[in-house]
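Written below as structure tokens is the structure these notes are about.
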Amino acid sequence: MPSPDLCIRGQRVITPESDGPASVHISGGRVEDIYEFDEVPDGCPLVEAGEAVLLPGLVDSHVHVNEPGRTRWEGFATATKAAAAGGVTTIVDMPLNSIPPTTTPDGLRQKIEAAKGQCRVDVGFWGGLVPGNLGLLAALYAGGVVGFKCFLIDSGVQEFPNVKEGELHAAMFELARLDAPLIVHAEMPGPVEEAFASCCTGDATGDPRRYETFLNSRPKKAEDEAVALLLRLCRETGARLHVVHHSSSDSLPLLREAKASGLPFTAETCPHYLTFAAEEIPDGATEFKCCPPVRERENREQLWAALADGTIDMVVSDHSPCPPEMKRRPEGDFIKAWGGISSLQYRLPVVWTEARRRSHDFRDLARWLSREPARLAGLFGRKGAITPGRDADFCLFDPGAKTRVEAGTNYHRHKLTPYDGLEFDGAVIATYLRGEKIYERGEFPEKPTGQLLLREEPKKEPTIWDDLDDDF
Ligand SMILES: [Zn+2]
């Protein structure tokens with residue numbers, strides 16, 4: 001056989017079929033093939049994974065980079081550096097919190113300009129669906145976004161307003177025509193307004209420093225009503241739908257029903273919903289605030305069960321940082337604090353720590369953290385698994401080591417995170433992007449080598465008429 005550019009071998013190589021010894025041969029930045037452990041051609045450069053597990057590079061389809069416009073919150077340079085240190089080789093950027101948002105072709109152009117030359121991992125882009133931009137969706141999709149995101153409730157930033165049912169309904173017919181996925185922040189405003197009035201206004205005002213006050217203001221009912229609406233619209237329009245950061249255990253039966261009926265309906269949850277519990281969040285600890293909220297222990301266990309039975313398809317970070325002053329930590333006001341949790345770098349050790357306690361293995365992790373997010377973003381042809389033909393993206397993870405979250409090794413722009421000071425099982429040792437090392441034990445190469453993953457219009461299949469043209 002011709003010698004590959006590089007071989008990486010280990011005792012635990014995680015492929016869709018197995019978890020065992022193998023040698024991965026890499027040529028031209030792609031996995032050429034997978035062989036027995038000992039099959040390494042003489043003279044071929046070799047990386048020994050040793051005790052580390054060789055996982056496919058992680059894909060995070062839910063990251064708020066915030067550049068351009070709010071680069072002070074996070075940016076491509078810092079976000080992708082943190083991603084590389086966390087074993088993540090592909091992120092997909094959310095269309096909001098940057099200014100302009102990615103809701104127009106010009107907004108997408110500005111995103112691309114801002115990201116160019118700065119990225120240490122590959123980066124794709126979600127477009128935004130907002131009131132009034134229905135006519136631009138086709139152009140945005142042709143321009144390279146992987147799909148669209150919308151909100152059913154106030155997004156927190158004024159330049160990205162939420163859609164109402166009528167607008168959503170019309171847009172979903174257009175998205176079904178384009179075959180573009182729609183990912184949705186699924187909380188309805190009605191139950192939140194009602195709950196807020198009864199717990200956070202007038203005489204009823206609860207202590208804003210108490211987590212319970214905030215939790216009561218974002219009831220499960222808001223998520224449950226949203227999921228029911230989305231399910232109905234999915235049935236009516238045939239558009240592909242995905243619920244982001246799902247938290248309510250009460251709507252899991254609806255999600256199960258959607259799965260059972262074969263609808264194109266998927267859901268994600270996030271490491272914080274699977275790790276923390278409302279009962280344990282201290283007063284004033286606003287770094288735990290996100291929407292929908294982290295709920296009770298009992299709710300968390302139901303989310304784990306839903307992951308185990310496939311009702312929830314994936315775990316992505318929803319990395320949504322802000323400057324620390326916006327978290328209002330000194331006064332500890334949960335109601336006024338920005339909602340969003342910073343965690344891009346830590347998804348793997350955090351999820352592994354909780355997953356192994358529940359008897360899950362690395363093949364489950366590869367599915368939740370890499371394959372399914374890649375599939376959602378239409379990148380599964382290139383990313384999401386260690387298989388021949390796909391990009392040679394890997395994460396070397398040492399299950400015997402520990403990850404301690406602390407400012408000195410946290411590469412996010414801002415260090416405030418609810419994981420700070422905590423220790424998790426396993427540690428990312430090294431990360432490879434298209435066969436090149438982009439991270440190893442705290443070291444990064446000088447030059448960022450990430451690419452922008454702009455969706456390409458599928459090539460037109462030749463038809464019988466093309467053949468006829470040739471004949472005539
Ligand atoms: Zn988000």
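If only residues of region 71-80 that are open to solvent by less than 10 Å² (accessible area, probe 1.4 Å) and more than 16 Å from the ligand (Cβ to nearest atom) are counted, the one that is nearest to Cys322 (Cα to Cα) is Gly75. In region 38-50, is there at least one residue being within 28 Å of the chain's Cα centre (by Cα), surrounded by 14 or more Cβ atoms within 10 Å (Cβ to Cβ) and of a type in the set (Asp, Glu)? The answer is no, given that none of the residues of region 38-50 is within 28 Å of the chain's Cα centre (by Cα), surrounded by 14 or more Cβ atoms within 10 Å (Cβ to Cβ) and of a type in the set (Asp, Glu). Taken across region 58-70, residues that are open to solvent by 50 Å² or more (accessible area, probe 1.4 Å) and not in a loop (DSSP other than H, G, I, E, B) do not occur at all. Scanning region 129-148 for residues being outside any loop (DSSP other than H, G, I, E, B) and touching a residue at least 12 places away in the same chain (Cβ under 8 Å) gives a total of 10. Would a scan of region 149-168 turn up a residue that is touching a residue at least 40 places away in the same chain (Cβ under 8 Å), in contact with a Cys (Cβ under 8 Å, 6 or more places away or on another chain) and not in a loop (DSSP other than H, G, I, E, B)? Checking region 149-168: at least one residue is touching a residue at least 40 places away in the same chain (Cβ under 8 Å), in contact with a Cys (Cβ under 8 Å, 6 or more places away or on another chain) and not in a loop (DSSP other than H, G, I, E, B). Considered as a group, the residues in region 122-178 that are charged (D, E, K, R) and open to solvent by 10 Å² or more (accessible area, probe 1.4 Å) include one that is nearest to Arg109 (Cα to Cα), and that residue is Glu159.
Filter region 338-364 down to residues that are among the aliphatic types (A, V, I, L, M) and within 16 Å of the ligand (Cβ to nearest atom) and give me whichever is nearest to the chain's Cα centre (by Cα). Residue satisfying both the conditions and the ranking: Leu344.
Condition check ((1) over 25 Å from Met172 (Cα atoms); (2) crowded, with 22+ Cβ neighbours inside 10 Å; (3) not hydrophobic (A, V, I, L, M, F, W, C)) across all residues:
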position	(1), (2), (3)
Ala197	yes, no, no
Thr201	yes, no, yes
Thr205	yes, no, yes
Thr213	yes, no, yes
Ser217	yes, yes, yes
Glu223	no, yes, yes
Leu229	no, no, no
His242	no, yes, yes
Ser248	no, yes, yes
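One residue is enough: does region 93-115 have a residue meeting the conditions under 27 Å from Glu440 (Cα atoms), in a loop (DSSP other than H, G, I, E, B) and touching a residue at least 12 places away in the same chain (Cβ under 8 Å)? No, that holds for no residue.
Scanning region 208-240 for residues that are within 16 Å of the ligand (Cβ to nearest atom) and touching a Leu at 6+ places or on another chain (Cβ under 8 Å) yields a total of 1. For region 20-37, a tally of residues being over 16 Å from Ser3 (Cα atoms) and open to solvent by less than 60 Å² (accessible area, probe 1.4 Å) returns 2. Residues that are over 23 Å from Glu440 (Cβ atoms), open to solvent by less than 20 Å² (accessible area, probe 1.4 Å) and assigned to a loop (DSSP other than H, G, I, E, B) within region 361-386 comprise just one, Ala377. Please verify whether Glu212 is over 30 Å from Leu137 (Cα atoms), of a type outside the set (S, T, N, Q) and in contact (Cβ under 8 Å) with a residue 24 or more places away in the chain, treating the condition exactly as stated. Here the answer is yes, as Glu212 does meet what is asked. Taking region 249-337 as the region of interest, the helices (runs of 4 or more DSSP H) fully inside it that hold 3 or more residues being within 21 Å of the chain's Cα centre (by Cα) and away from the ligand (no atom under 16 Å from the Cβ) are 252-260, 297-308.
Among the residues of region 390-409, those identified as in contact (Cβ under 8 Å) with a residue 40 or more places away in the chain, open to solvent by less than 50 Å² (accessible area, probe 1.4 Å) and within 21 Å of Lys437 (Cβ to Cβ) are Arg390, Asp391, Ala392, Asp393, Phe394, Cys395, Leu396, Phe397, Asp398, Pro399, Thr403.
The values are calculated or read from the model by the stated rules, or taken from the named source; none is laboratory data. Source: prediction; values computed, not measured. Please note: Cβ atoms are built from the backbone with ideal geometry, for glycine as well, and neighbour counts cover all protein chains shown. Ligands, DNA and RNA are stripped out before the accessible areas are found, and what is left, the full protein with its side chains, is counted by its heavy atoms. Shrake-Rupley method; radii C 1.70, N 1.55, O 1.52, S 1.80 Å.
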